[in-house]
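Input: a single structure, listed below in structure tokens.
The values are calculated or read from the model by the stated rules, or taken from the named source; none is laboratory data. All figures in this text were calculated on a predicted structure; none of them were measured in a lab. Cβ sites come from the backbone with ideal geometry, for glycine too, and all protein chains shown count toward neighbours. Note: accessible area is taken over every heavy atom of the protein model, side chains too, but ligands, DNA and RNA are not part of it. Shrake-Rupley method; radii C 1.70, N 1.55, O 1.52, S 1.80 Å.
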Amino acid sequence: MIFTARQIAGILNGTVEGNPDALVSTVSKIEEGVSGSLSFLANPKYTEYIYTTKASAVIVGKDFKPLQHLNTTLIRVDDAYQSFAKLLEYYNKLNKNKQGREEPNNVSPSAKIGSDVYIGAFVYIGENAEIANSVKLYPGTYIGDNVKVGANSTLFQGVKVYHGCVIGNDCTVHAGVVIGGDGFGFAPNAENNYAKVPQIGNVVIEDRVEIGANTTIDRATLGSTIIRKGVKLDNLIQIAHNVEIGENTVIAAQTGIAGSTKIGKNCMIGGQVGIIGHLSIGDSVMIAAQSGIGGNLKDGEIVQGSPAFGVGEYKRSYVVFRKLPELNAKIAELEKKLNETIDRRP
Amino acid sequence: MIFTARQIAGILNGTVEGNPDALVSTVSKIEEGVSGSLSFLANPKYTEYIYTTKASAVIVGKDFKPLQHLNTTLIRVDDAYQSFAKLLEYYNKLNKNKQGREEPNNVSPSAKIGSDVYIGAFVYIGENAEIANSVKLYPGTYIGDNVKVGANSTLFQGVKVYHGCVIGNDCTVHAGVVIGGDGFGFAPNAENNYAKVPQIGNVVIEDRVEIGANTTIDRATLGSTIIRKGVKLDNLIQIAHNVEIGENTVIAAQTGIAGSTKIGKNCMIGGQVGIIGHLSIGDSVMIAAQSGIGGNLKDGEIVQGSPAFGVGEYKRSYVVFRKLPELNAKIAELEKKLNETIDRRP
Amino acid sequence: MIFTARQIAGILNGTVEGNPDALVSTVSKIEEGVSGSLSFLANPKYTEYIYTTKASAVIVGKDFKPLQHLNTTLIRVDDAYQSFAKLLEYYNKLNKNKQGREEPNNVSPSAKIGSDVYIGAFVYIGENAEIANSVKLYPGTYIGDNVKVGANSTLFQGVKVYHGCVIGNDCTVHAGVVIGGDGFGFAPNAENNYAKVPQIGNVVIEDRVEIGANTTIDRATLGSTIIRKGVKLDNLIQIAHNVEIGENTVIAAQTGIAGSTKIGKNCMIGGQVGIIGHLSIGDSVMIAAQSGIGGNLKDGEIVQGSPAFGVGEYKRSYVVFRKLPELNAKIAELEKKLNETIDRRP
């Protein structure tokens, strides 16, 4: 889509200085501006770039006073950053404003489909599934039997939801995510091999959850694996059977949480963290990247290491770890000196 | 599906106490029972819940004697746990009892398809592929040219099997798994960039293997990457080219095994473990989560750490690691004291 | 496909010794040869196997002189290894020589499709997408609106490319890869939950890049996430928003790189490495597997550990770490001895 500076000023309730017919078709950082891009200046640190930017238009605050000649068109608004964010939101929605039903698809006649639902090509919707209003199912999404997807949720291309799982309202699930695969439950039997424990629970994802690409969330053995309201999961995360993650907890990429562990709300968990099963992690816990959690954690703990302990202590231990060879040499020297001292005693 | 307590008693060869028409449509843990759910009581630790559970029916052993009033219907059987497990198995099969051929699909005329095969919508089956009896291919599965899938195996939605790979009987492959992608083989050339080494081997998966969601198994450069009978792989695991994993070995999520490493049978490998290439890992080896394996391991070794060594030694070293700052201070103090002692010598 | 030894000699410009009608339908290592397979002998270390191999034909150099009776047919060439590699390349191309357009597919009328493009079944191509000549899109590939794919690139089954992303020439993208998902950007708001930061940049992948199965590359918040020419990414890697990876850098499986980090060219990064955001990693850096990178690295640094430091120092520290319990005991002993010495002073 192409807009003129005048149109953008109209959307943002701002005013144009320069060429009102300047055309923009994309957005850029001010220091990376190209012809046809729209940028913004909010942080004074970047002011110098406005005199050299190749962006065709720049959103600025009403107080901005140019000190040199400008080659770009200005769009003046009350708050440059907020206006730009608003525009991004608008632009983003235009890009993701898919509607209607594309062919071919395979939707069970017994499924209930709300109004304003986007069903992309190659979407599969199983028996008795319920898709609420304004849901977007991108091409290749698989919705198993008896699955429920709440209003305004978007499932991107190739998301796979096994039978009986529930997704809340206003969720965003990125491409390749798998929800509801069997948990990793096997009981050793007499012949020294493993019999599968049937996994008949489901996954419940509450409202406003976002899940990153290719993340996997296993169904519960019995009951539900639960992802509470407002949780944000990054890409390639593994959530095992019967895990529960509390409200507004944020987890970075490639972290894995083993079976039946319960995590509190408002936690921040770094990337590549491993948490063993059957633990209880409190609220507002912070876990450094690559840590291994082998025991329960209380509200507000901040930990690091594998196994993890207090982040300050970890850092102090690690400082000494780095100079262990010196320390080792010093101990040998001390030993030698001490023995000499003892030997020389009269 | 909805069952009455009487019907369930019939399936389990048990007897009803209470309302034989009580309706159940799901199962639950006894402490999480809701109206319409069926539960069971096997562990005496949970006996207290039977008096307050909201489950509509509970399976109990023939010796259970209620000490208070019950609001739920009892189904008496010889062994409550085994009966419940049997029922789960039955319920599970009902849920996964897909049959027939859904449209649209794309099956090569040269492919051989056995009897009782489920071919979901958007399934692709390449030239000369062989799909044995009672295989289930869920929607969106991709079966490349010349692939063989053995009897009774289930490939869930969106599994992708590259050309020439072989899957045995009674396997379960979860959504998003990729089997037979090219191994990571590149030879640096004169221009300081990398030429690809052609990867023309395949992947062979033997019988009774289960593979978790979004796991990737690369084809061999030459020969086969082999997953032996009864192996269980969790989600998001990486198996590189020419790896071989022995019978009944179990590997937890997000572990990665580099090229040409051979792993013995009956091993237990934790989550997020990394194993470098060209190693030989013995039988019945146990590797703690997040460990890094940089050398061969003998039968029965139990290791931890990155790089890993004996699990007991690792734990003892780690105890000292945690108090390294104190140790460091103590050494400084010893040094000072010793120097004073030496200085004060007459 | 089945070839005679004579046909292969023809392709390789070699000569046959033995049965020119020997049939081969696959290739194998010489020590794993089976009837119907073709092998090669280049490394003298493997010479012994030529007398026992069951391969139906073996490519050998013109100087090879058998010292025992041979059961296999020889194909003599100038350079056995190069000839075999050439043959592999040829064989590989035959296997991946897909052409034409399979049904059903969903290609936007506004998309521009070059010549000799393979469009597999269930492929989706969005509005205004541009697919250059000789591109191969395997079944189930998703190409979003305004995406560009350069000449001779292959996207295997189920690759998902979000709107607006750009893939260069001669790239290979393996099954299940997700390109252009939203970056993990959330700003905490007053209600203690997270508002999404719109992610409106894209991903740009330059020429000759290879990306392993189920790897995920997030789009930039603004601007582009960039993968430079010749980069090789293994399976299950996470590349966050606004990351830039320099030319010919090679990254092993399950490594994760957080937002806005820039990595130089010709780096070698091991598996399961974690690199935090906003860092600058120089050229020709080497990072050991499972390392955690928490600070900038200069050209040519070689590091290990979590957090990482010089690889030699890490190894020396780790040697002492392994004997920390002894060291701890020795310090206690020294302390005791020293105290005794002090006490005994006259």
Next on the checklist: Condition (residue is open to solvent by 20 Å² or more (accessible area, probe 1.4 Å), more than 9 Å from chain A (Cβ to nearest Cβ) and more than 28 Å from B:Ile342 (Cα to Cα)) applied to segment C:335-345: is it met by at least one residue?
Outcome noted: no
Item to check | Subset of segment C:1-24 (residues that are open to solvent by 60 Å² or more (accessible area, probe 1.4 Å) and within 19 Å of B:Gly164 (Cβ to Cβ)) | outcome: C:Met1, C:Ile2, C:Leu23
Checklist outcome for this item: Counting only residues that are touching a Phe, Trp or Tyr at 6+ places or on another chain (Cβ under 9 Å) and on the phi < 0 side of the Ramachandran plot, segment B:215-230 contains a total of 2
Item to check | Unmet criterion (only one of (1) within 13 Å of chain A (Cβ to nearest Cβ); (2) open to solvent by 40 Å² or more (accessible area, probe 1.4 Å)) for C:Glu130 | outcome: (1)
Checklist entry - Name the residues in segment B:249-260 that are over 28 Å from A:Ala213 (Cβ atoms) and more than 14 Å from chain A (Cβ to nearest Cβ), would you? => result B:Ser260
Next on the checklist: Within segment B:302-322, take every residue that is surrounded by 20 or more Cβ atoms within 10 Å (Cβ to Cβ) and aliphatic (A, V, I, L, M) and give me the one that is nearest to the other protein chains (Cβ to nearest Cβ).
Outcome noted: B:Val320
Item to check | Enumeration of residues in segment B:231-248 that are within 14 Å of chain C (Cβ to nearest Cβ), open to solvent by less than 10 Å² (accessible area, probe 1.4 Å) and not in a loop (DSSP other than H, G, I, E, B) | outcome: B:Leu233, B:Gln238, B:Ile239
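Any idea which of B:Gly212, B:Gly181, B:Gly158, B:Gly150 is free of Cβ contacts under 8 Å to residues at least 60 places away in the same chain, assigned by TED's automatic domain parsing to the domain that holds B:Ile119 and on the phi > 0 side of the Ramachandran plot? Reasoning before the result, please.
Details: B:Gly212 fails: on the phi > 0 side of the Ramachandran plot; B:Gly181 fails: on the phi > 0 side of the Ramachandran plot; B:Gly150 fails: on the phi > 0 side of the Ramachandran plot.
Only one candidate qualifies: B:Gly158.
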Next on the checklist: Let me spell it out: the conditions are (1) of a type outside the set (Gly, Ala, Ser); (2) free of Cβ contacts under 8 Å to residues at least 40 places away in the same chain; (3) surrounded by fewer than 18 Cβ atoms within 10 Å (Cβ to Cβ), and A:Leu94 meets all of them except one. Which number is the exception?
Outcome noted: (2)
Next on the checklist: What's the total number of residues in segment A:55-83 that are open to solvent by 60 Å² or more (accessible area, probe 1.4 Å) and more than 23 Å from C:Lys196 (Cα to Cα)?
Outcome noted: 7
Next on the checklist: Take the residues in segment A:31-54 that are in contact with a Leu (Cβ under 8 Å, 6 or more places away or on another chain) and crowded, with 21+ Cβ neighbours inside 10 Å; name whichever of them is modelled with the lowest pLDDT.
Outcome noted: A:Leu38
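Condition check: out of contact with any strand residue (DSSP E or B) (no Cβ under 6 Å at 6 or more places or on another chain), closer than 21 Å to B:Ala175 by Cβ and more than 10 Å from chain C (Cβ to nearest Cβ). Does B:Arg219 satisfy that? Don't jump to the end; show me each part of the working.
Working: out of contact with any strand residue (DSSP E or B) (no Cβ under 6 Å at 6 or more places or on another chain): no; closer than 21 Å to B:Ala175 by Cβ: yes; more than 10 Å from chain C (Cβ to nearest Cβ): yes.
For B:Arg219, the condition - out of contact with any strand residue (DSSP E or B) (no Cβ under 6 Å at 6 or more places or on another chain), closer than 21 Å to B:Ala175 by Cβ and more than 10 Å from chain C (Cβ to nearest Cβ) - is not met.
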Checklist outcome for this item: If we ask which residues in segment C:282-301 are among the β-branched types (Val, Ile, Thr) and more than 14 Å from chain B (Cβ to nearest Cβ), their number turns out to be 2
Next on the checklist: If A:Arg228 meets every condition in (1) more than 30 Å from B:Thr249 (Cα to Cα); (2) within 14 Å of chain C (Cβ to nearest Cβ); (3) open to solvent by less than 40 Å² (accessible area, probe 1.4 Å) apart from one, which number is that one?
Outcome noted: (3)
Next on the checklist: Given (1) at pLDDT 95 or above; (2) of a type in the set (A, V, I, L, M); (3) in contact with a strand residue (DSSP E or B) (Cβ under 6 Å, 6 or more places away or on another chain), identify the lone condition not met by C:Ala80.
Outcome noted: (1)
Checklist outcome for this item: Across (1) more than 19 Å from C:Asp170 (Cα to Cα); (2) away from chain B (no Cβ under 12 Å), C:Asn105 clears everything bar (2)
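Only residues that are outside any loop (DSSP other than H, G, I, E, B) and without any contact (Cβ under 8 Å) to a residue 12 or more places away in the chain: list them for segment A:108-138, please.
Initially, segment A:108-138 is screened for residues outside any loop (DSSP other than H, G, I, E, B), giving A:112-113, A:118-119, A:124-125, A:130-131, A:136-137.
Correct list: empty.
Yes or no, residue by residue, for (1) open to solvent by less than 10 Å² (accessible area, probe 1.4 Å); (2) over 27 Å from C:Ile269 (Cβ atoms); (3) part of a loop (DSSP other than H, G, I, E, B):
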{"residue": "B:Gly140", "(1), (2), (3)": "no, yes, yes"}
{"residue": "B:Asp145", "(1), (2), (3)": "no, yes, yes"}
{"residue": "B:Gln157", "(1), (2), (3)": "yes, yes, yes"}
{"residue": "B:Gly164", "(1), (2), (3)": "no, yes, yes"}
{"residue": "B:Gly176", "(1), (2), (3)": "yes, no, yes"}
{"residue": "B:Gly183", "(1), (2), (3)": "yes, no, yes"}
{"residue": "B:Ala187", "(1), (2), (3)": "no, no, no"}
{"residue": "B:Val203", "(1), (2), (3)": "yes, no, no"}
{"residue": "B:Asp207", "(1), (2), (3)": "no, yes, yes"}
Checklist entry - Just one of B:Glu301, B:Glu326 is assigned by TED's automatic domain parsing to the domain that holds B:Ala220 and of a type in the set (D, E, K, R); which is it? => result B:Glu301
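Out of everything in segment A:265-281 that is in contact with a strand residue (DSSP E or B) (Cβ under 7 Å, 6 or more places away or on another chain) and either surrounded by fewer than 18 Cβ atoms within 10 Å (Cβ to Cβ) or within 22 Å of B:Val311 (Cα to Cα) (or both), what residue ends up being farthest from the other protein chains (Cβ to nearest Cβ)? Full working, then the answer.
At the first step, the residues of segment A:265-281 found to be in contact with a strand residue (DSSP E or B) (Cβ under 7 Å, 6 or more places away or on another chain) are A:267-276, A:279-281.
The next check asks that each one be either surrounded by fewer than 18 Cβ atoms within 10 Å (Cβ to Cβ) or within 22 Å of B:Val311 (Cα to Cα) (or both); those that pass are A:268, A:272-276, A:279-280.
Working: A:Met268: 10, A:Gln272: 5, A:Val273: 9, A:Gly274: 5, A:Ile275: 9, A:Ile276: 7, A:Leu279: 13, A:Ser280: 16 Å.
Across segment A:265-281, the extreme among qualifying residues is A:Ser280.
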